[in-house]
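Bear in mind these aren't lab numbers, they're just calculated from the coordinates by the rules spelled out. Everything numeric here is computed off the predicted structure, so don't read it as measured data. All Cβ positions, glycine included, derive from the backbone under ideal geometry; neighbour counts span all protein chains shown.
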Amino acid sequence: MPLYEHVFISRQDLSNAQAESLVEHFSTVLADNGGKVVFSEYWGVKTMAYKINKNRKGHYAYMRTDSPSAGILEMERLMRLHDDVMRILTIKVDEHAEGPSVQMQKRDEREPRRERR
């Protein structure tokens, strides 16, 4: 099955438990449609570069999934309809990276950046 990575931003006035329960909710949507969540992270409340729906901050969540495209389309449809979800991003990848995402790694644990030309 195809591999995907998802990031979504939920409203800032949710509690941490409510924001994490959104990940569980959308995981069950994928499971009902023949997919599975391989890995998920809750990144916490972060300040955004610009306001979205009069919100300066949002709860960020990240998921790595292995799911057919029909499951992904259904999950994205439900995310768009959900009042607490402000933005979503889904990317199809060739393979999942091992370990935590770059967002959760400490600066000294990350790989060095390439030199610019």
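Going by average Cβ density within 10 Å per residue, which order do the peptides 85-92, 58-65 take, highest to lowest?
58-65, 85-92
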Next item on the list: Please report, to two decimal places, log10 I(q)/I(0) for the chain at q = 0.10, 0.13, 0.14 Å⁻¹ as given by the Debye formula with identical point scatterers on the Cα atoms and no solvent.
Entry: -0.33, -0.54, -0.62
Next item on the list: Give the residue from Gly58, Leu81, Leu3 lying farthest towards the positive end of the charge dipole for the chain; charges sit on Cβ (+1 for Lys and Arg, -1 for Asp and Glu) and the dipole is referred to the Cα centre.
Entry: Gly58
Checklist line | Sequence-separation-based contact order of the chain, relative, with Cα cut under 8 Å and 6+ spacing, percent | finding: 38 percent
Item checked: Arg56 versus Asp83: modelled label distance in nm, points set 7 Å from Cα along the beta carbon direction -> 2.5 nm
Next item on the list: Provide, for the chain, the number of lysine pairs with alpha carbons under 21 Å apart, each pair being eight or more places apart or on different chains.
Entry: 4
